Structure formats: structure tokens, C-alpha cells
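Here's the structure we're looking at; comments come further down.
Laboratory data are not the source of any read-out in this text; all were calculated from the coordinates shown. Note that the structure is a prediction, hence the values are computed from the model and not measured.
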Ligand code: K1U
Ligand code: ZN
């Protein structure tokens, strides 16, 4: 297994829509293991393939502290959303930035597991927030895109200055 470098804003891969996974290959299984290791090492509670430069619809999530409940989802789709929650989010691709984001409090997400079997996850609170954050990455959306335009512009400038 390997810890992979995480891309940061304004890398263009982060703002592209990722391509669906067509088949589960050995390389994809290896990639998902490396993504989990990278997420745990960061540390983080989620990671999407575009964050490590792979524009494919693959996410990993584990909100537990003991690294015992990893979720790997291919081609995840939100089929139901309800309620509202405001959560202070961070992003491994936006270092040094945290802010409050409003999202659905409960979501039902369907997708495929790493064996290619259908999976449905009924998630609330932090797991729901994290799944929405990671699925946004697959659509090229960062959490700052969900803030007011004033905040978004401020954070984009801050990140660009940091990069220069
Ligand atoms: O996708 C990412 O950039 C990972 C991100 C996921 C996320 C965080 C907060 C709300 C929604 C989604 C992170 O994991 S940032 C780091 C973080 O939140 C964390 C790190 C260590 C322990 C607990 C949380
Ligand atoms: Zn993120």
C-alpha cells in the first residue's frame, strides 16, 4: 500500500466532473486501498479519487476514530435527501480553510462496493455530510462553492496567495 500526494486548489482535476467506473479491476482495488491509507494518514474522514489526481467516480469514507468502518463506493448517487444540517467542514484539498456548510441532514446513497455489488447507505449527521462532501468532489464541487460568493472569492484569493 502507498500514501499518495493529495492535490490542492487550484489544481484543475479538482474542478472537473469525474468519469464513471466501468469495471472493477485489480488496479482499482489497489487504488481504493491506497486511498484509504492516504485518508487515514492525512488524517481525514473521507477522500475522493480526483483529490489524488484520478478523475474517476470513487470515494472512501470512515468517520470512526478506530479505522474499523471503511466505506468504499463506486459511482455513488444520492437518491434521497431530507432535513438540514450546518456543519463546520474542512477539506484536504483546501488546507487551512474551515467554514460552516449547510447540507441535507439525511441522505440515501446508492453505488457499488469494491466487489462490484450494489450497495445502499442510509446516512445521517456526520456520515451524511461526509458522503455529500465526497460526492461533490466527483462533480468538481468544493465546499467553498457552497458558501456565499463573498466568502468563496475571499478563500480562493487566500489559497492562490498561499500557492504563489
Ligand atoms: O474530502 C476531503 O477533503 C476530506 C475531508 C472530509 C470532510 C471533512 C469534514 C466534513 C465533511 C467532509 C476531511 O476529512 S478534512 C479533515 C477532518 O475533517 C478530520 C480529520 C481528522 C479527524 C476528524 C476530522
Ligand atoms: Zn474535500
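The calculated 222 nm mean residue ellipticity attributable to helices in the chain amounts to -9000 deg cm²/dmol, summing -39500 (n - 2.57) over DSSP H runs of n ≥ 4 and dividing by all residues. Could you tell me whether region 1-115 comes out rounded, prolate or oblate from its Cα gyration tensor? Rule is a ≥ b ≥ c as square roots of the eigenvalues, rounded for a/c under 1.5, then prolate if a/b exceeds b/c, otherwise oblate. Rounded. Starting from the Cα gyration tensor of region 97-162, take the square roots of the eigenvalues, sort them a ≥ b ≥ c, and report rounded, prolate or oblate (rounded when a/c is under 1.5, otherwise prolate if a/b is larger than b/c, else oblate). Here region 97-162 falls in the prolate category.
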